[in-house]
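*Asks:* Let me give you the structure first, and then I'll get to my questions.
Values quoted throughout were computed directly from the atomic coordinates according to the rules given, and no laboratory measurement underlies them. These numbers were taken from a predicted model, which means no experiment stands behind them. When we count neighbours, we look across all protein chains shown, and the Cβ atoms used for this are built from the backbone with ideal geometry, even at glycine.
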Amino acid sequence: MSISVLREKIKELENALFMSESNALVSLPTHIVHVSEVDDEGNIWFIIPKPTQVIESFSKEMPAKLDFFKKGSSFFLKISGVASIVWTAREMRDANLSNELIGSLKKGNVAVKVKVELSEHIEKAPKQISNPLLNVGTQVYNWLLNPLFSA
């Protein structure tokens, strides 16, 4: 998936479930995140609250997943990659991110950058519309004639 298409799909869905897949003793907790930006290299950036543990005790990089979703949308995205914790504004400026995103880092938060390794676009299957008359017929058949049916 190209960066522009990925950026467009992420912008449409907006929210994701971020899950660290690290086996380390101390790993980032699962968060529902609002994706702030996708940079020119295709990295996904977002802000999470600073963990209560000492930030330096976390691995600098860890495997992670992002599951993007939006109620009423016809698709969702599953992204796997390598997440990096960023706690200095300098690193964010080097990535040419918006001042708004860099400013939110100063409020006791940390930034997370996910380098996308695998992205999967999944279309939701349309719901089957059932005919209520057929359901009534099935119920009557089950009540009267089906010896295995128990209501």
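*Asks:* Among the trypsin sites (Lys or Arg not before Pro) within segment 24-94, which fall in a DSSP loop and have no more than 16 other Cβ atoms within 10 Å of their own Cβ?
*Replies:* Here the sparse-neighbourhood loop sites are LYS60, LYS70, LYS71.
*Asks:* Ignoring the sites themselves, what is the longest stretch of the chain with no GluC sites (Glu not before Pro) in a DSSP loop and at most 15 other beta-carbon atoms within 10 Å?
*Replies:* The reported range is 42-151.
*Asks:* Cα gyration tensor of segment 4-102, axes a ≥ b ≥ c as square roots of the eigenvalues: rounded (a/c below 1.5), prolate (a/b > b/c) or oblate?
*Replies:* Taking the square roots of the gyration eigenvalues as a ≥ b ≥ c, segment 4-102 is oblate.
*Asks:* Among ILE3, ILE44, which comes first, then next, by fewest other beta-carbon atoms within 10 Å? Walk me through the numbers before you get to the answer.
*Replies:* Values: ILE3 14, ILE44 27.
The most exposed by this proxy come first: ILE3, ILE44.
*Asks:* Now for a separate question. How high is the relative contact order of segment 3-125, given as a whole-number percent (alpha carbon pairs under 8 Å, six or more residues apart)? If you can, show how the numbers build up before the last one.
*Replies:* Details: 240 pairs, mean separation 34.5, N = 123.
The value is 28 percent.
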